[in-house]
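Engineer: I'd like to ask some things about the structure below.
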Amino acid sequence: MKKILLLSDTHGFLDPALEKYIKAADEVWHAGDIGTNEVTDQLKKWNMLRAVYGNIDGKELRLEFPKNQIFELEGVKIFMTHIGGYPGRYAPGILPQIEMHKPNIFICGHSHILKVMPDKKRHLIAMNPGAAGNYGFHKIKTCLRFQLNAGKIEKPEVIELGLRGQVK
């Protein structure tokens, strides 16, 4: 069993309220728009990090992290990218990749809108953790946590970090 904390769209801001959730997870996944190397440096100090770069991320982050991550953990196949859309409205070029890789979980960020929804046709769960940073139009900073256990996604939970622009 692996405990996962899923973040996106930190835009250079790592909310101090995240520390306890990061340390309680087995891995942290970041779905892009990281913002600065300081964010990933801190995340790596606290935990194992898997990340993809987003559209605002500069050269250093793009050299360190890929555009897409495709991997398997605890019998669950994951496809993570930054701009991906959601079932019924996938971003251009995403659907052929989903059909090729056949993930159980499709993860993206970018929209700053938290969504967890099934794609019944493709037998996957699409996840967007919303935005954990202070930049953007979202009102509440959010992230997701869940467990992967023997091929199953268990105990999904939305974590609210408070109002955008404020620190708890």
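Engineer: Can you show me the helix-derived [θ] at 222 nm for the chain, built from DSSP H runs with n ≥ 4 at -39,500 (n - 2.57) apiece and divided by the number of residues, rounded to the nearest 500.
Structural biologist: Computed mean residue ellipticity for the chain: -4500 deg cm²/dmol.
Engineer: So, one more: Please report the antiparallel percentage of the DSSP beta bridges confined to the chain, to the nearest 5.
Structural biologist: Approximately 65 percent, going by the DSSP bridge assignments.
Engineer: Now for a separate question. Kindly rank 154-160, 13-19 from highest to lowest mean number of other beta carbons found within 10 Å of each residue.
Structural biologist: So the peptides 154-160, 13-19, ranked by packing, come out 13-19, 154-160.
Engineer: Further question on the same structure: Among the lysines in region 100-168, how many pairs, 8 or more places apart or on different chains, have alpha carbons under 22 Å apart?
Structural biologist: Pairs that pass both the separation and distance tests number 14.
Engineer: Hey, another quick one. Computed from these coordinates, which is log10 I(q)/I(0) by the Debye sum over Cα atoms at q = 0.09, 0.12, 0.15, 0.20 Å⁻¹: (1) -0.26, -0.46, -0.75, -1.39; (2) -0.33, -0.58, -0.90, -1.41; (3) -0.42, -0.68, -0.90, -1.19?
Structural biologist: Label of the calculated value: (1).
Engineer: For a label point 7 Å from the Cα of Ala91 along Cα→C-beta, name the residues of region 1-25 whose backbone N is under 17 Å from it.
Structural biologist: Only 7-12 pass the distance filter.
Engineer: Of the chymotrypsin sites (Phe, Trp or Tyr not before Pro) in region 68-168, which ones lie in a loop per DSSP and count no more than 15 other C-beta atoms within 10 Å?
Structural biologist: Sparse-neighbourhood loop chymotrypsin sites (Phe, Trp or Tyr not before Pro): Phe137.
Engineer: For Gly12, enumerate residues with amide H under 5 Å from its amide H, sequence gap 5+ or separate chain, H modeled in the peptide plane.
Structural biologist: HN-HN under 5 Å from Gly12: Gly35, Thr36.
Engineer: How far is the Cα center of region 77-110 from the Cα center of region 122-164, in Å?
Structural biologist: Here the answer is 16 Å between Cα centres.
Engineer: Is region 78-168 best put as rounded, prolate or oblate by its Cα gyration tensor, with a ≥ b ≥ c the root eigenvalues, rounded for a/c under 1.5, and otherwise prolate when a/b is larger than b/c, oblate when not?
Structural biologist: Oblate, since a/c reaches 1.5 and b/c is not below a/b.
Engineer: Asn47: net charge of surrounding residues, Cβ under 11 Å, Lys/Arg +1, Asp/Glu -1, itself excluded?
Structural biologist: It works out to a net charge of +2.
Engineer: Can you list which of the trypsin sites (Lys or Arg not before Pro) found in region 6-71 are DSSP loop residues with at most 11 other C-beta atoms within 10 Å?
Structural biologist: none
Engineer: Here's another thing I want to ask about it. Using only Cα atoms, find the angle between the long axis of helix 37-46 and the longest principal axis of the chain, and express it within 0 to 90 degrees, rounded to the nearest 10.
Structural biologist: 80 degrees
Engineer: May I ask for the net charge around His138, where only other residues with Cβ less than 10 Å from the Cβ of His138 are counted and Lys, Arg are +1 while Asp, Glu are -1?
Structural biologist: Computed value for this residue: +2.
Quick note: the coordinates plus some simple rules give every number you see, no bench work behind them. Every value quoted in this text rests on a predicted model; they were computed, and no experiment measured them. Neighbour counts are summed over all protein chains in view; Cβ atoms, including those assigned to glycine, are modelled from backbone coordinates with ideal geometry.
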